[in-house]
1. Step through the residues of region 91-104 one at a time and calculate ³J(HN,Hα) from phi using the Karplus curve (6.51 cos²θ - 1.76 cosθ + 1.60, θ = phi - 60°), rounding each to whole Hz and writing x for Gly and Pro.
2. Under unit Cβ charges (Lys, Arg +1; Asp, Glu -1), what dipole magnitude, rounded to 20 debye, does the chain have relative to its Cα centre?
3. From the phi angles alone, apply the Karplus equation (6.51, -1.76, 1.60; θ = phi - 60°) to region 76-84 and give each ³J(HN,Hα) in whole Hz, x where the residue is Gly or Pro.
4. Describe numerically, in nm with one decimal, the distance between label points set 7 Å from Cα along Cα→Cβ at SER84 and at ALA15.
5. Residue by residue, what Karplus-based ³J(HN,Hα) values in Hz, rounded to whole numbers, does region 18-35 have, using 6.51, -1.76 and 1.60 with θ = phi - 60° and x for Gly and Pro?
6. Considering only lysines 8 or more places apart in sequence, or on different chains, count the pairs in the chain whose C-alpha atoms sit under 18 Å apart.
7. Summing Lys, Arg as +1 and Asp, Glu as -1, what charge do residues with Cβ under 15 Å from the Cβ of GLU2 carry, GLU2 excluded?
8. Here are some values of P(r) over Cα pairs in 10 Å bins from 0, in percent: [x] 11, 12, 11, 10, 9, 9, 8, 7, 6, 5, 4, 3, 3, 2, 1, 0; [y] 14, 36, 23, 16, 8, 3, 1, 0; [z] 14, 46, 34, 7. Which one was computed from this structure?
Amino acid sequence: MEKVWEELKKIEAEAELIVSDAQTKAKEIVKTAEEKGEQLLADSRKYAEEEANALMEESKAEASQSSAEMFKANAETIEKLRLSAANRMEKAVNAIVDRVLENAER
């Protein structure tokens, strides 16, 4: 009976050791998972920030190009309006001169 009792104590001690080892390994696994999760989250944030910056730079470039194109188109329109105004001014001056001369002849 005493032999059985000793054997049971050994089995119980081994079981406690197995449980302790399992708990230790579980804690290590959880710690590793948390560290990897934190690293993954940090990498995700970094990647998102890089993507946002790239999109912002692309948007700035597109806006700058669009602005330059609009500026060029506006400059062309202004030049056309100047030419048109100059032509009309010349016609107006000629018309006034003709009127003045007509009135002077009368």
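1. 4, 5, 4, 4, 4, 5, 4, 4, 4, 5, 5, 4, 5, 6
2. Computed charge dipole of the chain: roughly 980 debye.
3. Couplings: 5, 4, 4, 4, 4, 5, 4, 4, 4 Hz.
4. The two pseudo-label positions are separated by 10.0 nm.
5. Here the 3J(HN,Hα) series is 5, 5, 4, 4, 5, 5, 4, 5, 5, 4, 5, 5, 5, 4, 4, 4, 5, 4 Hz.
6. 5
7. +1
8. Among [x] 11, 12, 11, 10, 9, 9, 8, 7, 6, 5, 4, 3, 3, 2, 1, 0; [y] 14, 36, 23, 16, 8, 3, 1, 0; [z] 14, 46, 34, 7, the one derived from this structure is [x].
Computed from the coordinates by the stated procedures, all read-outs in this text should not be read as laboratory data. Predicted model, so just to flag it, every value in this text is computed and none were measured. Ideal geometry is used to build each Cβ from the backbone, glycine not excepted, and the neighbour counts take in all protein chains shown.
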